[in-house]
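The values are calculated or read from the model by the stated rules, or taken from the named source; none is laboratory data. A quick note: this is a predicted structure, and the numbers were derived from the prediction, not measured. Here the Cβ positions follow ideal geometry from the backbone for every residue, glycine too, while neighbour counts run over all protein chains shown.
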Amino acid sequence: MRFAHYFTIGSFALLTTVGCRSKLTDEAGRDDYYNVIPSKVSASHSGEKDIAFIFDTSLSMWDKVDGKHKIDEARNNLEAMLVGMRDYHKQMQNIKAGLFYFDSGVVSCAVPIADFNYVTLSNAINHLKASGGTPLGVALAYAERELDVNGTGQKSIILLTDGVNSLGKNPSEIFEKINSTNHAYNDSDTTLYVIAYDTNRSNFNDLEKMGAKLYEAKNASQLTDVLTTIRKDILPEAPISPGQFKR
């Protein structure tokens, strides 16, 4: 059974069941934006892979590395990762995925956690623009809630960022809360992959100490390698394509 979540902002309430929530920011310091109590318990042994992508679209992503805009290279590399996931999902049919991003300092949902759809995710990624701040803590809590609402299996969050938290609670505080809440409710663990893209990995040492898997990518080539490593870590099996061994 899925339970609805209510959040009051100003004079109206947000009702969430399955699908994207409305945009969230933390200008008012609202504790309910960081609520990660699961609406239901996920089973890591179910075989399902539930993946939330958090794509940093802060204004600094418009800066260039090796003569190319970081956001363009990040989009291209994430697109390539999705191709590998698409091929895997065609055979295994066990991936759910969603996409979250920053819009002028507000966390937004581009694609809700749902059965993997390459076209939907690809189109959403290619429409992302760079603007505003970097609310990493809010984004982690947002993604965790959506995984709990719409997923049923192994939870993974892939955070690609070129900066540090600039709005709201620190991401390390939120990840610690996610870990402790999952344990308290006997929910599936959440694996957090942090990609420090053209930024110092030491900015995320606290997250790494809490169990996050931290990677540094100084340019597009290294980002390609990192995303490939993460994809293989989440999807470790190597499905055999039909007719692969036919001569």
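A few points about this structure:
- Number of the condition not met by ALA141 [criteria: (1) over 16 Å from the mean Cα position of the chain (by Cα); (2) part of a helix (DSSP H, G or I); (3) of a type in the set (Gly, Ala, Ser)]: (1)
- Residues satisfying the stated conditions in the range 142-172, i.e. touching a Gly at 6+ places or on another chain (Cβ under 7 Å) and at pLDDT below 95: GLU146, GLY153, ASN165, SER166, LEU167, GLY168, LYS169, ASN170
- For the range 54-74, the count of residues that are touching a residue at least 40 places away in the same chain (Cβ under 8 Å), closer than 22 Å to ASN179 by Cα and crowded, with 16+ Cβ neighbours inside 10 Å is nonzero.
- Checking each residue in the range 41-77 for being touching a strand residue (DSSP E or B) at 6+ places or on another chain (Cβ under 6 Å), farther than 19 Å from HIS89 by Cβ and hydroxyl-bearing (Ser, Thr, Tyr) picks out THR57, SER58.
- Within the range 75-111, the residues that satisfy the criterion of being assigned to a helix (DSSP H, G or I), hydrophobic (A, V, I, L, M, F, W, C) and in contact with a Leu (Cβ under 6 Å, 6 or more places away or on another chain) are MET81, LEU82.
- Looking across the range 39-70, the residues that are part of a helix (DSSP H, G or I) and under 23 Å from PHE116 (Cα atoms) come down to SER44, HIS45, SER46.
- Filter result (of a type outside the set (D, E, K, R), under 17 Å from the mean Cα position of the chain (by Cα) and crowded, with 16+ Cβ neighbours inside 10 Å) within the range 169-181: PRO171, SER172, ILE174, PHE175, ILE178, ASN179
- Scanning the range 107-138 for residues that are within 15 Å of the chain's Cα centre (by Cα) and aliphatic (A, V, I, L, M) gives VAL107, ALA110, VAL111, ILE113, ALA114, LEU121, ALA124, ILE125, LEU128, LEU136, VAL138.
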